[in-house]
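Taken together, the values in this text are just the output of simple stated rules run on the coordinates, not laboratory data. The shown structure was predicted, so the numbers you read here are calculated from the model rather than taken from an experiment.
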Ligand SMILES: [Zn+2]
């Protein structure tokens, strides 16, 4: 059976556009490429620039 190619959303897409309980197919749990993508999301280190729904301004949200 051919390997299912799993492409998870980018951190920005994941945090801003995906639903809280949205499901993603992770394919084979032993797939190192999938593991890396999960870790990249879990340990995302960077900044995301987006719109604040409270004060209606653009802000940069950082992980540090
Ligand atoms: Zn705000």
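Rounded to the nearest 10 degrees, the angle from helix 32-42 to the longest Cα principal axis of the chain is 20 degrees. Working from Cα pairs under 8 Å separated by at least six residues, relative contact order for the chain is 27 percent.
Compactness ratio for segment 11-62: Cα radius of gyration over 2.2 N^0.38 Å (N = residue count) comes to 1.40.
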